1. Quick query: amide H of B:ILE162 versus all other amide H atoms, modeled in the peptide plane; which residues come in under 5 Å with a sequence gap of 5 or more or a different chain?
2. Hey, got a sec? Which trypsin sites (Lys or Arg not before Pro) in the range B:180-265 land in a DSSP loop and have at most 10 other Cβ atoms within 10 Å?
3. DSSP loop trypsin sites (Lys or Arg not before Pro) in the range B:35-124 with at most 16 other Cβ atoms within 10 Å of their Cβ, which ones?
4. Using only DSSP helix segments of four residues or longer, with each worth -39500 (n - 2.57), what per-residue ellipticity at 222 nm results for chain B after dividing by its residue count and rounding to 500?
5. With the other protein chains left in place, how much accessible area per residue, in square angstrom, belongs to chain B at a 1.4 angstrom probe?
6. Excluding B:SER147 itself, calculate the net charge of residues whose Cβ lies under 13 Å from the Cβ of B:SER147, where each Lys or Arg counts +1 and each Asp or Glu counts -1.
7. Please compare each pair in A:LYS120/B:LYS129; A:LYS268/B:LYS246; A:LYS128/B:LYS286; A:LYS120/B:LYS117 to a cut-off of 31 Å on the Cα-Cα distance and tell me which ones are over it.
8. Using DSSP to call loops (not H, G, I, E or B), can you name the trypsin sites (Lys or Arg not before Pro) in the range A:96-139 whose Cβ has at most 13 other Cβ atoms within 10 angstrom?
Amino acid sequence: MLESLSKGIQSLITRFAGTGKLTEENVKDALREVRLALLEADVNLGVTRAFIERVKTRAMGKEVIEGVNPGQMMVKVIHDELTQLMGGPDAEPIKFAGGGPTVILMAGLQGAGKTTTCGKLAALIRKKHEKSVLLVAADLQRPAAVEQLKVLGAQLGMPVHTETGMTPPSVCERAVARAKAERIDVVILDTAGRLHVDDALMTEVAEVSRRTQPHEVFLVCDAMTGQDAVNSAKAFNDRLPLTGVILTKLDGDARGGAALSVREVTGKPIRFVGLGEKLDKFDVFHPARMADRILGMGDVVSLVEKAQEVIDERTARAQAEKMFKGTFSLDDFLRLLQQVRKMGSMKDILGMIPGLGAQMANMPLDEREFTRSEAIILSMTPLERLEPDVLSNSRRARVARGAGVTLEQVNDLMRSFKEMKKQFGELRKMGVFGKLMDPTKGLQKDKEKELMRMQEAGVNLLDMQQVKAWRQFSGQKAREDARKQRKRR
Amino acid sequence: MFGKLTAALKEGLRKTKEKILGGIRAILPFGRDLDADLVDQLEEHLYSADIGPRTVGKIMEAVRAAWKNRTIKTTDECFAFLKAHVKGILSGESTALRRAASGPTVVLVAGVNGTGKTTSIAKIANRLKKDGPVILAAGDTFRAAASEQLALWADRIGVRLIRQDKGADPAAVAFDAVEAALSSKAAWLVIDTAGRLHTQENLMAELDKVKRIIRKRIPDAPHETLLVLDATTGQNAISQAVEFGKVLDLTGLVLTKLDGTAKGGAIIGIRDQVKIPVKFVGVGEKVDDLETFDPDGFVEALFETPETKG
């Protein structure tokens with residue numbers, strides 16, 4: 001059921017493949033699929049309707065260039081419109097106060113993840129902006145919420161302001177005063193979760209806002225929220241001077257249509273996303289990536305950026321050269337393994353590749369296998385690593401004993417290594433893998449653009465035939481051929 | 001007629017009703033002939049109640065078929081048809097908790113983060129304690145202060161809590177709790193677990209381990225495995241039920257946050273897509289804000305109209 005949106009888009013492309021332009025009829029058919037898909041992604045009905053209307057106008061308008069694959073055109077229009085709707089290409093940075101402490105107020109429904117997000121935001125502010133943070137426990141409703149924030153504060157080594165026998169607005173006010181006195185740069189107010197229909201509690205949080213005059217007011221919103229997201233977001237927006245939204249639990253498989261709904265009804269940008277339970281699983285929001293996700297298109301851009309962050313350029317270049325020349329040794333293989341691990345869990349990485357995400361969600365990937373592979377390679381002599389062919393059975397048995405694994409496992413690794421080497425040879429011909437793994441080549445502007453265009457068209461980058469077909473199709477020559485064929489008919 | 005549904009649940013439902021059926025009654029005014037426009041509007045309203053595209057699709061297919069072959073002609077007939085259809089989706093299995101033939105009945109509670117597991121457990125324990133001694137197990141050893149939260153609840157409702165230090169193996173906590181339940185001859189053992197997204201392979205495996213450890217001492221346990229779902233969750237609720245169902249043999253659902261404007265419509269979609277009965281619904285933050293789910297009463301309340309209210 002989760003893949004229905006991308007399937008909808010896929011069928012849309014197929015449907016358009018044979019036609020030369022977007023007609024009212026085929027746009028209408030395709031949009032019906034998109035509409036269902038958006039609803040299934042939990043985008044609010046009203047928002048969906050408005051969105052479809054906009055896409056229709058744009059698709060039927062002058063932007064449709066003749067000669068371009070209409071399916072691609074359509075997907076592009078949808079993708080652009082989604083990105084636009086979620087707030088332009090760049091996320092806004094946090095607004096810090098000119099003098100005195102910057103006050104950040106966090107509000108939201110119960111269970112959205114406010115307290116955890118406070119900790120994550122605090123960690124980010126300290127790391128990226130090098131500012132000191134005071135966490136304020138103003139959730140006096142939920143049992144042990146104060147305790148939870150204290151534990152987070154201790155983990156981060158940050159002060160936590162707690163007070164008993166006082167109302168949340170007073171606690172917050174005094175916390176801001178404390179920050180001023182102690183010259184702490186940023187104050188984060190963790191308020192209790194509340195239902196937006198709970199008038200008393202809504203008045204209370206509005207009072208907190210009035211008395212502390214926050215510079216940023218974030219609505220913390222669960223990415224899995226359904227149709228009701230618009231109502232709660234609207235209610236919070238009416239009572240609080242919201243400056244942005246933080247979307248949590250995006251590490252699950254929810255498509256996050258709520259993002260679109262919340263953005264549309266509040267008009268406030270989504271600023272950050274929560275991607276896991278650990279305190280560093282927090283990132284600024286990228287509208288284009290969210291559009292990809294809602295459309296089920298994977299996240300190649302993220303993959304490239306992530307790879308770029310961790311892979312040392314020179315090593316990568318040398319490695320790519322070796323891969324291409326076919327002189328890839330087990331030592332290189334080991335380094336590659338270690339770098340891939342640095343990028344994050346295997347699943348995170350593979351999940352970003354379009355077309356793989358869905359399969360990966362159900363495929364248990366054994367991280368232990370990496371450790372095992374490492375142990376096996378490290379048990380080999382330098383000669384064996386350089387010239388794997390010398391590995392006779394007795395040598396393999398020695399390696400197995402050294403690494404504490406079975407002979408079969410050593411054989412398995414050698415088989416995978418050989419297979420990989422062979423595949424590199426084929427990838428070299430296509431030149432695709434080089435772009436993904438080799439930042440020096442991959443980030444050249446035109447090639448990156450090509451990659452993004454392929455991604456937009458929904459091409460599975462690991463499927464050589466699809467890549468080949470796309471290249472042919474998008475090539476000038478292919479277009480001319482097609483035109484000739486049409487004339488002949 | 002509404003049996004166990006209390007005022008609190010009704011209040012939660014009132015809002016659901018306004019959403020689903022207030023709207024539907026506005027679309028299907030009394031005594032009018034059905035037309036294509038009305039049917040389309042009906043469909044959109046079902047969508048906005050979080051029933052979900054699949055189930056809405058099924059319901060509307062039935063409605064359209066009945067309309068086409070002239071089984072239903074008027075708005076009133078359509079309303080009745082809809083009610084019968086929804087009833088058909090929801091009715092069926094018993095919502096009572098299964099009991100162990102002898103010894104403690106073990107209830108394992110799981111769900112994604114922030115759905116209200118710990119609060120629901122407190123509420124469930126509060127109900128069960130009338131039926132014999134209850135032991136709670138603080139199996140959420142991950143989230144900061146989770147066991148403190150459960151400890152506060154245990155204290156408030158006066159039941160025993162088995163806990164270990166933060167970061168302990170949840171399976172070990174479960175094992176301790178089972179031992180304690182057996183030796184103290186408790187009637188009920190309710191085990192809390194850490195919230196986890198159903199896409200986290202390793203955490204799902206951890207749940208499986210908890211289950212296996214419990215079975216070492218009580219082979220037919222857990223007698224009830226409840227999945228806690230947040231009623232405000234959209235289509236992902238179905239994914240959650242399916243994925244948790246792969247690891248645990250789910251016997252029931254607890255639907256939380258049904259108060260406020262949370263949509264009861266989710267129940268219909270979930271019951272249609274995953275055949276697991278809803279056993280409890282949470283309707284507030286207080287310890288007795290938990291109701292056993294009564295499907296017939298729910299449908300009646302949902303389809304109650306000003307005229308039949310009386």
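1. Result for B:ILE162 returns B:LEU136, B:ALA137, B:ALA138.
2. Passing sites in the range B:180-265 are B:LYS185.
3. B:ARG70, B:LYS73, B:ARG98, B:ARG99
4. -14500 deg cm²/dmol, from helical runs alone.
5. In whole numbers, chain B has 38 Å² accessible per residue.
6. -3
7. Beyond 31 Å between Cα atoms: A:LYS120/B:LYS129; A:LYS268/B:LYS246; A:LYS128/B:LYS286.
8. Sites meeting the loop and neighbour criteria: none at all.
The values are calculated or read from the model by the stated rules, or taken from the named source; none is laboratory data. Model, not experiment: these values are computed from the prediction. Glycine also receives a Cβ, built like all others from the backbone with ideal geometry; neighbour counts cover every protein chain displayed. With ligands, DNA and RNA removed, areas are computed over all heavy atoms of the protein, side chains included. Shrake-Rupley method; radii C 1.70, N 1.55, O 1.52, S 1.80 Å.
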